[in-house]
Each structure stands twice: as structure tokens, then as C-alpha cells.
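Worksheet: one structure, shown below.
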Amino acid sequence: MQDINEIAYFSEENSASTVIDRMKDAPNERLKEVMTSVILHLHAVIKETEPTMAEWEQAIGFLTATGQICDDKRQEWILLSDVLGISMLVDEINNRRATGATENTVLGPFHVQGVPHREMGDSISDDGKGEPMFVHGRVLDTNGDPVDGAMIDAWQASHDGFYDNQQPDVQPEHNLRGIFTTGPDGKYWYKAIKPAYYGIPNDGPVGQMLTGLGRSDVRPAHLHYIIGKEGYDLVTTHIFDGDDANLSTDPVFGVRASLINKFNHVDDPQRAKDLGMPNPFWEVETDFILNPAKGS
Ligand code: BEZ
Ligand code: FE
């Protein structure tokens, strides 16, 4: 029989090391590495906060509800990762870029596949609702040279802050979405409408948590993009409205200074005519700078 004095049974003092010791023969080294860190930090949290049994049951209830509200359209776990700043941190670690290259930010849950390819200059507003906006700029490499054949996947919320897939009975499918391809000059331009700020889904456990923490659930107005070209890092990013009052309280920490831009109000009949826009209109100009892909 083994000497019971030699066995490290679980105690408050040695809790983390006892659990970690059980993983010493793990066949998966990476799993062992990650779980060792998870256990160390989780046990430290519990020792620091000393939850009551009722609080621990509440925590289990929160995690259970987070899973139970998920379906093929709703992903509360990603939302939780977003509002805890984890999505942005993982993205940042995986996309450390050369200075000057366009920074990434959150993808969000409203991107869809199968969006129509539109001609440069087309409108992405299929219902014409909202204040007209002209969006343009260039796709460049880090030397400032134009990128030919870059794919720009653009999507945005409506004038009252909803994506088409949130309002299938109100907006036409693929409203305010479009895929464009740059030519040799790297330029892109299209017509849209000025998007509104909007609240992230707040009718589930994540919304309850934000309320309990006194945090905003309102994302500042923004335009979404994925920009891709072989030989360059894929860029998942936004252009933020620099005049939005919610920039410093974005619930998903997606705002970066480099992504804030001025949405200019233009009242110039001749310029409107030249661009094929009604007067007055909004205008935003942004260049996207692509970072060379690793190994190219
Ligand atoms: C979005 O911008 O579409 C978004 C991002 C993260 C969470 C919810 C929405
Ligand atoms: Fe969004």
C-alpha cells in the first residue's frame, strides 16, 4: 500500500499544483501548456474573490445560459469573448503588422457569405433608405504602391442601426453589402448610406452582464471590411465615424485610433453631380494598406 503521507491530496494551499500534477503525462503538450496556465489563473481568481456557494452557482448558471442561447444564428460565446476584450487580444497577437499597415479589428457576427459582386461606383444601398454617403480611397502596399485585383468585401448597418440579416422582413437580402475588386490604380469607390450606431444583442446573459457592470452595449457607427489579395495578410477592419459619441465605450473594444475617420458632410451641387450623388451627401475617404503575407 502507498504511504498516505506521500500522496498530495487536494487542499486549499496546493489546489492548483494538485490539478496540474494530474496532467503530467498528457499526450498533448500544447493542451497541457494551455490548461496549466488556465488552472493557475482560475484558482488564483477563486482564492482572490472567495465566492460564496450561491455566487458560484450563479456563475455556473451564467455559463449554462451562454451556451443554451446559442444556435446556428446566435453565438453568445463569441459575444462574451468580444465584450471581455479576448477577441481583440487574440487578433492583436496573431496580426502584429508593420507600422503603417491597416490594423485589424473584430469581424463581428453579421458578416455573410454569398454577397453579390458589384461594379466599382455601384450603390450598396438596395432600399435607398438613409442619408447618402460616398465611400472611397485606395488599396496600397506598405511601399505606397497601388494593389491591383484586391477584393474588398464591404458591409454595414442601416440608417437606424440594423444589418439586413437582423431585419429579413424589412431590408432586402444583401442590402448594404457588396464585394468590389480594385483595378491597377488600387482605387475603390462606391455609394452607401451613413450608418447609425447600434446596440449589440443585449437580450441574453452577455447583455445582463454588461448591465450589471454599468457598461454600454452601443457600438459607434462604423463600416466593415475584409480586404484580401494573394501575397498579403487578409485585413478584417472597420472605418469608424470620428464624430460618434460612443468611440471610447465600444463594448467590444474594436476602436483603434488609426481606424477613426471623418465622415464629411458635403453640400456642393457640382461635386455631387460629378460623383453621381444627390446633394447634400456624406463622404469618407480611407486608404487601406496591406501588409505582405509572412513568407512572401
Ligand atoms: C459588429 O460590428 O457587427 C459586431 C461586432 C462584435 C459584436 C457584435 C457586433
Ligand atoms: Fe458592425
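The values are calculated or read from the model by the stated rules, or taken from the named source; none is laboratory data. Remember, it's a predicted structure, so these values are computed and weren't measured experimentally. Here the Cβ positions follow ideal geometry from the backbone for every residue, glycine too, while neighbour counts run over all protein chains shown.
Answer with yes or no whether K294 is out of contact with any strand residue (DSSP E or B) (no Cβ under 8 Å at 6 or more places or on another chain) and within 22 Å of E92 (Cα to Cα).
For K294, the condition - out of contact with any strand residue (DSSP E or B) (no Cβ under 8 Å at 6 or more places or on another chain) and within 22 Å of E92 (Cα to Cα) - is met.
Residues V115, V83, V106: which one is closer than 20 Å to N261 by Cβ, touching a residue at least 60 places away in the same chain (Cβ under 8 Å), within 16 Å of ligand 1 (Cβ to nearest atom) and assigned by TED's automatic domain parsing to the domain that holds D153?
Unique residue meeting the criteria: V106.
Filter segment 222-253 down to residues that are touching a Leu at 6+ places or on another chain (Cβ under 8 Å) and among the hydroxyl-bearing types (S, T, Y) and give me whichever is farthest from A154 (Cα to Cα).
So the residue we want is Y232.
With respect to T66, determine if the residue is hydroxyl-bearing (S, T, Y), at pLDDT 95 or above and in the same structural domain as G254 (by TED's automatic domain parsing).
Against the criterion (hydroxyl-bearing (S, T, Y), at pLDDT 95 or above and in the same structural domain as G254 (by TED's automatic domain parsing)), T66 does not qualify.
Looking at segment 157-169, can you tell me whether even one residue there is free of Cβ contacts under 8 Å to residues at least 12 places away in the same chain, more than 16 Å from ligand 2 (Cβ to nearest atom) and surrounded by fewer than 22 Cβ atoms within 10 Å (Cβ to Cβ)?
yes
With a cut-off of at least 3 residues that are under 20 Å from K129 (Cα atoms) and more than 15 Å from ligand 2 (Cβ to nearest atom), name the strands (runs of 3 or more DSSP E) lying wholly within segment 186-296.
187-193, 264-266, 281-285
Only one of these is of a type outside the set (S, T, N, Q), assigned by TED's automatic domain parsing to the domain that holds A221, within 11 Å of ligand 1 (Cβ to nearest atom) and closer than 23 Å to D241 by Cα: Y197, Y188. Name it.
Y197
All but one of (1) buried (at least 18 other Cβ atoms within 10 Å of the Cβ); (2) in a loop (DSSP other than H, G, I, E, B) hold for G183; state the number of the condition that does not hold.
(1)
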